[in-house]
Amino acid sequence: MTEDQAYFESKGFRKILEQYEESVQEGHSIYMDADDLADIADYYQYNGRPEDANRAIDLALEYNPEAVGPLLYKAREALSLHDFDTAREYAEQILAVDQQEALYLQGEILINEGKVEEADDFFREQMREVMSDEQMDYVYDVANIFSDYNVYDKAFEWMTRSQGDDSDDFKELMARTLFGLGKYKDSERIFNELIDHDPYSIRYWNALASAQFMNEDYHGAITSSEYAIAIDPHDAESILSKANSLYSLGNYESALTYFERYSEVMPEDEFGFLHQGTCLINLGKYSEAQQVLEQAEYLADDSPYLPEICQELAFAYSEMHKPESALYYIDKTQDMDCDHVNMEIIRGHIHLANQNPKEAEEAFKEALRMSDNSPRTMLRIIVSLYDNRYIKTSYLLLKNFFRHVEKDWNEGYSYMALCCMDMKKTDEFLSYLKIATNRNPKEAKTVLGCYFPEDMAPQDYYDYMSDKINTEK
């Protein structure tokens, strides 16, 4: 749960929202504080209701044309549309009422224009005018602005200017900034400190789960999510966090249950239905997957997840031996912003799965052409061949492939180990198993993990399998 979400769930905000929605429903006007109406607009915008948000903001400006909250809302709306001139006009209006907020907005405009260094210089220059007893608040606010726009290196620089601020707000911002910098262990440590101060904060537990997830500590992330769910069984972020972690562990049955719970709480979010579909595909329940994925497609509209939804629908229809429907969804992605090389490989995969090798060959050639014969494209094609049980062909292609890649290449060796295992080439299997686990333990875990004890580290795979093979001789 973000800070905004926490406020939206608070009793105070809920009371304001209820009063406003009752007045709208009954068709009579109600006088409300303009900044409260701006908060209501933020809530609607956050929940994908832009028309309701604009109605609330228009009412706020009708009551008070100089109210800072609604003017900031309008300015940030302009920023989202890259209308920087309009945003500056709002900054000028705000300047007459609240100089500090106008200053912050001017910095935000520069960041949105891609002028990060100029924004940094601007904030530094303005800091000279800030009273000494207000400087730490100023430092925090500027760091928060950079963090909000994912400029984490600048956020971190500004936070280092703080002089011993030990507040929970400062710690939380530092933890989120470290997370943005990819320092997940450090972020996790600080969130644990915050939880010691407030063990009932769903926001902290969810943030801790995210840090653990990014650090691939999926069991830890599940535990943290469970604490958050225990505090609020209907918190969407907690439920989704647990679902994602279960999915990453390959526990598709349990992950499906939590993605279903997420969709019950967030029925308009296509993400939950998409991942129900991917779980069902992994469980071999293709007809059920098709149904929930079509629900995701219905909700998606212009969603960034639409290409992935089409991809998963193509897989589902292919496994149901309906290649025409599968290819329809691949064709549908041609005008979308997505990885078109990947879609062409999937086209070839569908043709292979449905016994159309000539059409598959044409699709694979097109993928190679589109990617300028990228080694990764070639490897993905070989993996598709392996998945469709062209094992000897995959083996021979991989042999040739490894002769031509760079010396530090680390992908595909796990698949070669699989080919060797399937072809009973024991010595080669062990040789490629060793290379795979040394060069790319993550790939080895994903591709070969099902042949080893669940908790075994990939570095131990070679000794385990070598002993097993010698014992069986």
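The values are calculated or read from the model by the stated rules, or taken from the named source; none is laboratory data. The structure presented is a predicted model; accordingly, all values stated were derived computationally and were not measured. For neighbour counting, all protein chains shown are included, and Cβ atoms are generated from backbone atoms with ideal geometry for every residue, glycine included. Side chains are part of the model used for accessible areas, which takes the heavy atoms of the whole protein and leaves out ligands, DNA and RNA. Shrake-Rupley method; radii C 1.70, N 1.55, O 1.52, S 1.80 Å.
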Matching option when the condition is closer than 22 Å to Asp36 by Cα and either open to solvent by less than 80 Å² (accessible area, probe 1.4 Å) or touching a strand residue (DSSP E or B) at 6+ places or on another chain (Cβ under 7 Å) (or both), among Ala96, Ala87: Ala87
Residue in region 440-454 that is of a type in the set (Ser, Thr, Tyr) and in contact with a helix residue (DSSP H, G or I) (Cβ under 6 Å, 6 or more places away or on another chain) present: no
Matching helices (runs of 4 or more DSSP H) fully within region 357-473 where at least 3 residues are among the acidic types (Asp, Glu): 357-370, 461-472
Filter result for Met266 (open to solvent by 20 Å² or more (accessible area, probe 1.4 Å) and within 21 Å of the chain's Cα centre (by Cα)): yes
Residue match in region 401-414 (condition: within 22 Å of Ile469 (Cβ to Cβ) and either in contact with a Gly (Cβ under 6 Å, 6 or more places away or on another chain) or modelled with pLDDT of 95 or more (or both)): yes
Asp196 open to solvent by less than 30 Å² (accessible area, probe 1.4 Å) and among the charged types (D, E, K, R): no
Residue among Glu406, Glu443, Glu454, Glu428 that is open to solvent by less than 60 Å² (accessible area, probe 1.4 Å) and over 14 Å from Val383 (Cβ atoms): Glu428
Tally of residues being without any contact (Cβ under 8 Å) to a residue 24 or more places away in the chain, more than 18 Å from Tyr305 (Cβ to Cβ) and polar (S, T, N, Q) across region 236-270: 3
Matching residues, region 363-382, being under 26 Å from the mean Cα position of the chain (by Cα), open to solvent by less than 30 Å² (accessible area, probe 1.4 Å) and not polar (S, T, N, Q): Leu379
Unique match (being surrounded by 21 or more Cβ atoms within 10 Å (Cβ to Cβ), within 23 Å of Arg389 (Cβ to Cβ), touching a residue at least 12 places away in the same chain (Cβ under 8 Å) and over 28 Å from the mean Cα position of the chain (by Cα)) among His321, His351: His351
Failed item in (1) more than 22 Å from Gly250 (Cβ to Cβ); (2) touching a residue at least 24 places away in the same chain (Cβ under 8 Å); (3) open to solvent by 70 Å² or more (accessible area, probe 1.4 Å), with Asn438 passing the rest: (2)
The lone exception for Glu18 - which of (1) under 30 Å from Leu240 (Cα atoms); (2) in contact (Cβ under 8 Å) with a residue 24 or more places away in the chain; (3) out of contact with any Phe, Trp or Tyr (no Cβ under 6 Å at 6 or more places or on another chain) it fails: (2)
Scan of region 107-166 for residues that are under 23 Å from Glu89 (Cα atoms), open to solvent by 60 Å² or more (accessible area, probe 1.4 Å) and touching a residue at least 24 places away in the same chain (Cβ under 8 Å), ordered by number: Tyr149
Among the candidates Val341, Val292, residue that is at pLDDT 95 or above, surrounded by fewer than 23 Cβ atoms within 10 Å (Cβ to Cβ), among the β-branched types (Val, Ile, Thr) and more than 30 Å from Asp455 (Cα to Cα): Val341
Criterion (under 23 Å from Glu101 (Cβ atoms), of a type in the set (Phe, Trp, Tyr) and open to solvent by less than 30 Å² (accessible area, probe 1.4 Å)) met by exactly one of Tyr73, Tyr63: Tyr73
Residue within region 68-75 that is part of a loop (DSSP other than H, G, I, E, B), of a type in the set (A, V, I, L, M, F, W, C) and over 31 Å from the mean Cα position of the chain (by Cα) present: no
Count of region 167-198 residues which are under 18 Å from Asp235 (Cα atoms) and touching a residue at least 24 places away in the same chain (Cβ under 8 Å): 1
